[in-house]
1. Kirkwood-based Rg over Rh for region 7-89 (C-alpha set), two decimals?
2. Which of the lysines could a cross-linker bridge to K221, judged by Cα under 22 Å and excluding same-chain residues fewer than eight apart?
3. Run the reach check for K35 against lysines, Cα to Cα strictly under 30 Å, same-chain hits fewer than 8 apart removed. What comes back?
4. Short version: ³J(HN,Hα) in whole Hz for each residue of region 154-164, in order, from phi by Karplus 6.51 cos²θ - 1.76 cosθ + 1.60 (θ = phi - 60°), x for Gly and Pro, what are they?
5. In the Gaussian network model of the chain, springs joining C-alpha atoms below 10 Å, which of D147, D268, D118 carries the largest mean-square fluctuation?
6. Kindly provide the trypsin sites (Lys or Arg not before Pro) of region 100-196 that DSSP labels as loop, not H, G, I, E or B, and whose Cβ sees at most 10 other Cβ atoms within 10 Å.
7. Kindly identify region 273-316 as rounded, prolate or oblate by the Cα gyration tensor criterion: order the square roots of the eigenvalues as a ≥ b ≥ c, call it rounded if a/c is under 1.5, otherwise compare a/b with b/c, prolate if a/b is larger, else oblate.
8. Multiplying the sequence separation of E82 and E184 by 0.36 nm and subtracting their Cα-Cα distance, what value in nm do you get?
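Here, each number is a calculation from the coordinates, and none is a lab measurement. These figures come from a predicted structure and were not determined experimentally. Quick reminder, even Gly has a Cβ in these numbers, built from the backbone with ideal geometry, and neighbours come from all protein chains shown.
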Amino acid sequence: MIDLSKLPKDAEEASLAASTVDELVKVQNQFLGKKSELVAAKKALGSIPESERATAGKEINEIRVSIESVIDKRRVEIEDTEWETYFLNDVADLTEVLNPITRGHLHLITQARDQLEDVFVGMGFTVAEGPEVETAWYNFEALNIPDWHPARGNFDTIFVDLGEEEEVMLRSHTSPVQIRTMEEQRPPIYIVAPGRTFRTDSADATHLPAFNQIEGLVIDKGITMGDLAGTIDSFVQAFFGEEVKSRLRPSYFPFTEPSAEFDISRPDGSWLELGGCGMVHPNVLKNCGIDPEEWQGFAFGFGIDRLVSMRYQLDDIRELVLNDARFLRQF
Ligand code: FA5
């Protein structure tokens with residue numbers, strides 16, 4: 001009779017001594033392989049009395065199961081340690097590329113646009129939008145600028161090579177949104193429309209070829225120039241603070257009558273032109289199917305980039321589009 005009782009303990013000790021999977025495979029062969037005592041014992045079963053065979057077979061089986069479980073347990077341990085060692089050795093030093101990660105923020109123009117919307121929404125306006133590519137009808141004609149009108153020349157328009165000549169263009173101001181709004185909504189109307197505008201202007205300290213304007217349009221009953229002046233004054237104070245003053249100067253736009261340009265006071269006492277405004281011309285109302293006898297209104301449009309450069313005392317408006325992170329990070 002072979003004594004198998006010490007096998008599980010021997011197998012456990014041998015397993016614990018194995019520190020790699022290869023070593024453990026050897027232990028497994030030693031205790032469970034073809035030449036193992038256990039297999040020899042199994043073969044010997046045939047030579048023992050039949051009455052003892054079942055009990056001995058059962059014992060052999062139990063021992064095999066217990067050795068298997070000892071080896072399996074050890075295999076998991078070894079594998080875990082091997083992975084851990086592998087990962088520890090595989091660590092790369094990335095400190096050089098790990099720049100401190102700073103959070104980005106909205107561009108100055110976007111911030112100003114959002115604040116402008118907030119100020120006007122607070123005054124009861126809603127926000128409207130229009131396309132950046134426009135037709136002559138919206139950019140000029142409906143605004144009382146027929147094709148023979150010399151004012152078309154003031155807008156330095158960038159035309160798009162589509163349809164008839166000078167028929168499609170990048171909008172040269174946000175005023176076309178006035179028309180689109182009046183076509184869609186019946187008065188009373190209180191809207192502002194911020195957006196990008198384009199002109200052939202060369203970039204310099206106060207001009208960009210692609211810049212931003214915000215348009216305002218109010219159509220209601222009994223609206224006067226006084227409402228316009230009051231609205232602009234409230235806006236200027238809400239946006240710039242109490243100390244900044246605004247003034248209107250007579251001017252000319254085909255789509256407003258009377259028309260004015262409005263300026264705001266600089267800290268040094270001088271004035272900066274921010275935009276144009278006026279009472280909506282009766283022809284513009286008629287072009288949109290609104291009866292000028294019944295409804296009146298005012299409109300204004302000013303440059304957001306100019307407004308930002310004034311607010312932050314920028315010497316050159318081009319700073320806003322140069323994409324220099326050292327500049328942008330300051331705001
Ligand atoms: C207009 O564009 C009119 N649509 C404004 C208006 C609206 C008048 C409603 C009456 C009623 P103007 O061409 O002056 O007007 O432009 C308005 C403002 O846009 C300017 O005062 C300036 O602040 C800004 N602006 C114009 N051209 C540029 C440019 N190239 N770069 C940056 N800002 C500009």
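1. Values: Rg = 15.9 Å, Rh = 14.0 Å.
Over the Cα atoms of region 7-89, Rg/Rh equals 1.14.
2. Once the sequence-local lysines are set aside, what remains near K221 is K286.
3. Leaving aside lysines fewer than 8 places away in the same chain, those within reach of K35 are K6, K9, K26, K43, K58, K73.
4. Each residue's phi maps through the Karplus curve to give 5, 9, 6, 6, 9, 8, 10, 7, 9, x, 6 Hz.
5. Evaluated over the chain, the most mobile residue of the options is D268.
6. Values: sites: R103, R113, R152, R171, R180, R196; in loops: R103, R171.
Listed in order of number, the matching sites are R103.
7. On the way: a/c = 5.24, a/b = 4.24, b/c = 1.24.
Prolate is the answer for region 273-316, as a/c is 1.5 or above and a/b outweighs b/c.
8. Numbers: separation 102, 0.36 × 102 = 36.72 nm, distance 7.17 nm.
Extra length from E82 to E184 when fully extended: 29.5 nm.
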